[in-house]
1. Quick one: length gained pulling F26 to D154 fully straight, 0.36 nm per residue minus the C-alpha distance?
2. When the dipole is taken about the Cα centre of the chain, and only Lys, Arg (+1) and Asp, Glu (-1) are charged at their Cβ, what size is it in debye, to the nearest 20?
3. For the charge dipole of the chain, defined by +1 on Lys and Arg C-beta atoms and -1 on Asp and Glu C-beta atoms about the Cα centroid, which residue among A34, S108, G80 has the Cα displaced farthest towards the positive pole?
4. Build a GNM of the chain with springs between Cα atoms under 10 Å: which of R167, R155, R309 gets the top mean-square fluctuation?
5. Taking the chain as a Gaussian network, where each spring joins two C-alpha atoms under 10 Å apart, which residue of P132, P71, P243 fluctuates the most?
6. Would you please give the FRET efficiency between Q319 and S177, computed as 1/(1 + (r/R0)^6) with r the Cβ-Cβ distance and R0 = 56 Å, to the nearest 0.05?
7. Need the full-extension length gain, R92 to A298, defined as separation in residues times 0.36 nm minus the C-alpha distance. One decimal, nm.
8. Does segment 45-89 come out rounded, prolate or oblate by the C-alpha gyration tensor, with a ≥ b ≥ c the root eigenvalues, rounded set by a/c under 1.5 and, if not, prolate when a/b is larger than b/c and oblate if not?
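Nothing in this text is a laboratory measurement; each read-out follows from the coordinates by a stated rule. Just so it is clear, the model here is predicted, and its values are computed rather than measured. A quick note on method: Cβ atoms are made from the backbone with ideal geometry, for glycine too, and the neighbour counts reach across all protein chains shown.
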Amino acid sequence: MLPEPSSLLEARGLVREFDLPGRGLFGPRKFLTAVSDVSFAIRRGEILGLVGESGSGKTTIGRMVMRLLDPTRGQVFFDGFDLTALKGRQLRQQRRRFQMVFQDPYASLNPRMRVGEIVGEPLLIHDLAHSPAERRERVARLFERVGLSSHDLDRYPREFSGGGRQRVGIARAIACSPDLLVADEPIASLDLSIGAQIINLFASLNETERMSILFISHDLSVVRYLSDRVVVLYRGRAVESGPTPEVLTNPAHPYTRLLVGRDQAVPVEPRNGESVSSGLCPFLSRCPDALPVCREVAPEHFVNDGGGRDVVCHLAARQVLWTPSSSSPSIQGIV
Ligand code: SF4
């Protein structure tokens, strides 16, 4: 199946398993499934929020999109290229077009390099400046764009605050004018006012450059402000997706209702003694709306009339708004 022409990035059926210790020489493989059959797409110039609690698989998905981690199964298409099949020079050529902003900017910046060198490194690697002077000039312009001063070029990462370091990380990520930024909890370690400045910076990059952004966060207020569409993850599975205002204002999945704080009846932790049987709804042990069928059959994808929303829940089958989906979730929603 070819990728959707309107999308910049498509993730199809992503699965990621991690091996667990304890396998004997001939014993069965023990593994943890961190991500299970997740599909989504990002249009050009769109911001897609990826939300869910800690351990829901958000970061693992971001790392697979960036090809920092290979999926166990599934594919990632970027501008028509099957990223999961690219290697060596072909992958390096595409890599300048998708960049990542990390949660902990300090850990991602080489403490022995001056920040001007750090930001200029991608320009050097991809041969995007004709001379050291031109490179420095371009880095100075990048610093201005992210709210730093050209006087900061020769300082070291340790001389910056958390917000300053995150700006350096963003300057490095946008140095090659990527088409897609993957931002993994980029304000989680920052205080409120600095975090707000960084969020405004993302909004401005999206608006002025039409840069697509995969924004990974557990903070719904930020996702509500920034993203056009949202995918809600629970235990490595996408349980609901659609336009952000609709999903967060009128959530269809019981877990999304829990996340937005509209349904206090949902327990925060799984109930004692209950576990999720493999293949059934992952939210079963916490769901206040569970139906008898939920204990027998895995829920399928349902889409709304316009096709822009997708929910994986038996409850949806009982409501006229929703009909069974005939194609991939989220991907269908962007056509
Ligand atoms: Fe609850 Fe059943 Fe929907 Fe799962 S499928 S969220 S258990 S109603």
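1. Details: separation 128, 0.36 × 128 = 46.08 nm, distance 5.64 nm.
So the chain would gain 40.4 nm between F26 and D154.
2. Result for the chain is approximately 760 debye, rounded to the nearest 20.
3. Looking along the dipole axis, the top candidate is S108.
4. Comparing R167, R155, R309 in the GNM, the peak value goes to R155.
5. P132
6. Numbers: r = 44 Å, r/R0 = 0.79.
Once the sixth-power term is evaluated, E becomes 0.80.
7. Numbers: separation 206, 0.36 × 206 = 74.16 nm, distance 4.00 nm.
Full extension of this stretch gives 70.2 nm more.
8. Numbers: a/c = 2.56, a/b = 1.48, b/c = 1.74.
Here segment 45-89 falls in the oblate category.
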